[in-house]
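The values are calculated or read from the model by the stated rules, or taken from the named source; none is laboratory data. Computed from a predicted structure; not experimentally measured. A quick note on method: Cβ atoms are made from the backbone with ideal geometry, for glycine too, and the neighbour counts reach across all protein chains shown.
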Amino acid sequence: MNVITIKKFLRITLTSILLITLSCSSSYSASRTLKSTYDIIIAGAGTGGISAAVQAARMGVNVLVIESGSWVGGQATAAGVSTMDDMSRQKSGIYEEFINRIKNYYDSRGKSMGTAYWTSNSVAFEPRIGQDALIAMINDARRRGTIDFIMNSNIIAVDKDKRTVTGVTVQLSDKSTRKYSCKILIDATEYGDILPLAKTQYRIGNSVSKFPNPDSMIQDITWTAVIKKYPAGVPNYLRPLSPLPGYDLAKRNYESFVTADGFNFRNKYPVDTPVNFATHNSYRGLPDSTNPYNYDSDKGTRDFITKSSVNWANDYPGTYSWNGRRGLPIAYLEDKKLRLQVEREALMKTLNFIYYIQNELGEDWSVADDEYNNRTLPEAARTLPREWQDIAVHMPPMPYVRESRRIIGKHTLTSLELLQNSLSYRDGQTSHEFPDAIAIGGYILDLHGANTDADMEWEFNERSSSSITNRPRGPFQVPMNILIPEDTDGLIAAEKNISATRLAAGALRLQPITMMTGQAAGALAALCAKENKFPKDIQAIRVQWELLNSGVDLSLCHYSDVPDEHPANKTVQISNIHGLIPANEYPHAPSFNLGYIDDPVIAMAVIRGADKGVFGVNDMITKGEANGILSRARFAAGLEGEWEVFDEKLHNFVSRGDFAKAVCDAFPMIKNAKYNKSIRIPFRITKHRNSEYVNILARLGALEIYKRDSEFRYGTPVTKGEAADIVVRAAVIASGE
């Protein structure tokens, strides 16, 4: 073997070993290696499920992931949607770690990830490289907690004690069954399949599960394909001799999207169609590890792209319609037989596109033979002619499902709320941040089909036109309460099944956002498991603190005087979210077009510094201001009532010593809180009337802002940055007592 062949062999072998490590699909391995009880069970190894598992394991709990397929990564890998729909311009947390791992892979090979959407500012990767990155993250997380897997298996029942989930019954790949118990169950399936098993009320289309309307519709699905160029000609086994049934209808559809003499992309939206084949490929272009040359999706090199994803002209049913209506009936989610029929037809539509590429466009392209090599055919492909089965074995093992069942949660997020939240600090507006924010995303209100007035949820005042009028104008937050069902304890949603209207869910279904909400679900679940609490009983500020300490950004507001490396950055973010301390000056950033990655207006705003405000981190606070800060912090910690510890000379600055006492008085439970013995009091404690309170806060780690001081200066005025850091840490501690 030559060097390249040896390297390829080693990579495939190592990946296979990692996958075998993950898989416990047989009854033998399950009974030998798995426990019967876990802190957390996660249904689904997609973007949300893996992020939840990694976060929870890092927090020291044991996790079991149950996946119906053989891949991890869901829509981003197993479904082949590996061009990241990331319009937030912000990366943090597990999503940023994931992208950085992939970037390191391509950087080491001199390759760009900017191969999609006709711009080098995009992020794309080969699905198998994405899965490798996730497996590496899983194995790293196992150093701090347990992550076990059962692959190729399905949860067939959810055990409950009244309204509390207690465990699941799993049908393993050999058709045997086994029960597993848990404290928390996370539904991270692509369809929301756990919700009916848990007898949790949910929304489906524009109806609810108690009274489902059979005429309700949901979005199209897409069975994508990863295709590549074969310079020496397409191998015979990847070149079908005849099309599949329905080709003539499919051909007319494809001709409206891409033709041999179609338009080049002209840097404007909407795109002129039909486009030519090179423009088609640079829409969902992927890096190509087998190509020794580099390219990106900018005009200069997009013609040299040799690997791409088919995810444009092949939505199903798409323009075909379903009984005269766009989209799919909700029965696709509810009826497994109809689901299989729909997915078979969606797969055939994409396979026919490959025939179209070869026979109508005359291109030496076919399905990539180095991405998927399924040991077993997807069920949807098992009735295909043999020549097509040889191709289908290299197709993604699952379809891209855009819309699932959605829990009825503690709160239902609407598109108008997303718009208002996205306008925080933009165009002169003030804060509309969610107090329970647990993630930041960014996308348009995007529905593929089922987007007429008749398909919308009128009770939330949403119509077809709302997709434009309520379109977010910038990054937006995801609130925690939409992860928590209203009627079931011990269950958390962590994929496209969160509590939102159809339109709002259309902006929350993308890979970056589902990874971020999945990470939050994992943090929430881990706190519940550690403390034997239900999700509804965990204060958002505690989850926010865990996420911030895990590298997640949560606030939409940034300050020039509180950069990322500032010691109070995390606590100032929580101050923003909960409105604890007003800033001196808020950002004046303009709104931007979420669909335009290279927005020059935003670029100019960044140059001018309009995207950042001034917190006044070193300004001193008065006693009157301290009263307000403590009252709002008590509310964030779940305590009721105003708090006015200072009742005179309210315009005087408050000293560090007096502020320490005020914090302990505002949160009386922290006086008896258990403290981490590994936390060292950072300074010498001297005798003072307030030394008792300083000692309490120091032992609890609430005075970290002073850790570089040799002694505590009781009489020095407290600054805004110090106040934010102390009061947020105290509120987090108090909310856990």
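Quick check on the stretch 150-203: of everything there that is among the charged types (D, E, K, R) and part of a strand (DSSP E or B), which residue is nearest to LYS533 (Cα to Cα)? Spell out the reasoning first.
First, the residues of the stretch 150-203 that are among the charged types (D, E, K, R): 159-163, 174-175, 178-179, 183, 187, 190, 193, 199, 203.
Now restrict to residues that are part of a strand (DSSP E or B): 159-161, 178-179, 183, 187, 203.
Values: ASP159: 18, LYS160: 16, ASP161: 15, ARG178: 26, LYS179: 22, LYS183: 9, ASP187: 18, ARG203: 26 Å.
Among those residues, the one meeting the criterion is LYS183.
Okay, residues lined up against (1) assigned by TED's automatic domain parsing to the domain that holds THR166; (2) more than 30 Å from PHE592 (Cα to Cα); (3) buried (at least 22 other Cβ atoms within 10 Å of the Cβ):
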site	(1), (2), (3)
ASN62	yes, yes, no
SER68	yes, yes, no
TRP71	yes, yes, yes
MET87	no, no, yes
PHE98	no, no, yes
LYS103	no, no, no
SER120	no, no, no
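Quick check: is even one residue across the stretch 482-504 free of Cβ contacts under 8 Å to residues at least 40 places away in the same chain, over 19 Å from THR47 (Cβ atoms) and not acidic (Asp, Glu)?
Within the stretch 482-504, the subset free of Cβ contacts under 8 Å to residues at least 40 places away in the same chain is none.
Looking for residues that are free of Cβ contacts under 8 Å to residues at least 40 places away in the same chain, over 19 Å from THR47 (Cβ atoms) and not acidic (Asp, Glu), one finds none in the stretch 482-504, hence no.
Only one residue in ARG509, ARG502, ARG463, ARG542 is under 17 Å from MET84 (Cα atoms), charged (D, E, K, R) and modelled with pLDDT of 95 or more, so which one is that?
Numbers: ARG502 fails: under 17 Å from MET84 (Cα atoms); ARG463 fails: under 17 Å from MET84 (Cα atoms); ARG542 fails: under 17 Å from MET84 (Cα atoms).
Exactly one residue qualifies, and that residue is ARG509.
Look at GLY449 and say whether it is closer than 27 Å to ASN323 by Cα and either surrounded by fewer than 18 Cβ atoms within 10 Å (Cβ to Cβ) or out of contact with any Phe, Trp or Tyr (no Cβ under 6 Å at 6 or more places or on another chain) (or both).
Values: closer than 27 Å to ASN323 by Cα: yes; either surrounded by fewer than 18 Cβ atoms within 10 Å (Cβ to Cβ) or out of contact with any Phe, Trp or Tyr (no Cβ under 6 Å at 6 or more places or on another chain) (or both): yes.
Spelling it out, GLY449 is indeed closer than 27 Å to ASN323 by Cα and either surrounded by fewer than 18 Cβ atoms within 10 Å (Cβ to Cβ) or out of contact with any Phe, Trp or Tyr (no Cβ under 6 Å at 6 or more places or on another chain) (or both).
Give just the number: which of (1) in contact with a Leu (Cβ under 7 Å, 6 or more places away or on another chain); (2) modelled with pLDDT of 95 or more; (3) not assigned by TED's automatic domain parsing to the domain that holds GLY490 does ILE581 not satisfy?
Just one mismatch for ILE581, condition (1).
Quick check on the stretch 73-85. Is at least one of its residues under 20 Å from TYR400 (Cα atoms), surrounded by fewer than 24 Cβ atoms within 10 Å (Cβ to Cβ) and at pLDDT below 95?
Checking the stretch 73-85: at least one residue is under 20 Å from TYR400 (Cα atoms), surrounded by fewer than 24 Cβ atoms within 10 Å (Cβ to Cβ) and at pLDDT below 95.
Hey, could you check the stretch 251-275 for residues that are under 26 Å from ALA76 (Cα atoms) and either without any contact (Cβ under 8 Å) to a residue 60 or more places away in the chain or hydrophobic (A, V, I, L, M, F, W, C) (or both) and say which is surrounded by the most Cβ atoms within 10 Å (Cβ to Cβ)?
The selected residue is VAL258.
I want to confirm something. Restricting to the stretch 416-440 and keeping residues that are at pLDDT 95 or above and acidic (Asp, Glu), which single residue is surrounded by the most Cβ atoms within 10 Å (Cβ to Cβ)?
Filtering the stretch 416-440 for residues that are at pLDDT 95 or above and acidic (Asp, Glu), the one surrounded by the most Cβ atoms within 10 Å (Cβ to Cβ) comes out as ASP436.
Would you list the helices (runs of 4 or more DSSP H) that sit entirely within the stretch 449-543 and hold 2 or more residues that are of a type in the set (A, V, I, L, M, F, W, C)?
On the way: elements: 466-469, 502-508, 511-531.
Once the helices (runs of 4 or more DSSP H) in the stretch 449-543 are filtered for at least 2 residues that are of a type in the set (A, V, I, L, M, F, W, C), what remains is 502-508, 511-531.
Test ARG32 against the stated conditions and say whether it is surrounded by fewer than 22 Cβ atoms within 10 Å (Cβ to Cβ), among the charged types (D, E, K, R), under 16 Å from LEU172 (Cα atoms) and at pLDDT below 90.
On the way: surrounded by fewer than 22 Cβ atoms within 10 Å (Cβ to Cβ): yes; among the charged types (D, E, K, R): yes; under 16 Å from LEU172 (Cα atoms): yes; at pLDDT below 90: yes.
Yes: the conditions hold for ARG32.
Mind checking which residues of the stretch 598-652 are basic (Lys, Arg) and at pLDDT 85 or above? Give the steps one after another, and end with the answer.
So in the stretch 598-652, the residues basic (Lys, Arg) come out as 608, 612, 623, 632, 634, 649.
Across the stretch 598-652, the qualifying residues are LYS612, LYS623, ARG632, ARG634, LYS649.
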